1. May I ask for the Rg/Rh ratio of segment 7-79, computed from Cα atoms with Rh as the Kirkwood radius, given to two decimals?
2. Taking θ as phi - 60°, what are the ³J(HN,Hα) couplings along segment 13-26 by the Karplus curve (6.51, -1.76, 1.60), each to the nearest whole Hz, with x for Gly and Pro?
3. Apply the Karplus curve 6.51 cos²θ - 1.76 cosθ + 1.60, θ = phi - 60°, to the phi angles in segment 36-44 and return the couplings in whole Hz, x for Gly and Pro.
4. Could you put ASP31, ASP58 in order, starting from the residue whose Cβ has the fewest other Cβ atoms within 10 Å?
Amino acid sequence: MRKPRDFDAELKALEDKAKDLKTRKVQQLGDLVIATGADALTAEELAGALLVLAETKDPGRREAWARRGAAFFQGRARRSSPSADGDPVSPPPQSDSAQPPSGGTGAA
């Protein structure tokens, strides 16, 4: 005879997973705000800028913003190696100076 499914436990597991995903999304958005330097803006300024972005329907402007965002992420990918968990929105390195290759001592 087959074991009956525990729908309550499955629903609870799905709710927990959804909560974890939402928490991770909020964390990544915060990391993105910090990485772009937008944390220097007030909450009102940031909200206003985001509202303008969301209300813009001009495909040319949106495409230009998307290209600039892609360039931002590609530039960050060259400066730092991907993290172990694959988080694309981790904080940038603290130093603006060139970093030695992995495993190098930094001396030539």
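1. My calculation puts Rg/Rh at 1.12.
2. These are the phi-based 3J(HN,Hα) values: 5, 5, 5, 5, 5, 4, 5, 5, 5, 5, 4, 5, 4, 5 Hz.
3. For segment 36-44, the Karplus curve yields 7, x, 6, 6, 6, 7, 6, 4, 5 Hz.
4. Listing ASP31, ASP58 from fewest to most nearby Cβ atoms yields ASP58, ASP31.
Rule-based calculations on the coordinates, nothing more; no lab input. No experiment lies behind these values; they were computed from the predicted model shown. Cβ atoms come from the backbone with ideal geometry, glycine included; neighbour counts cover every protein chain shown.
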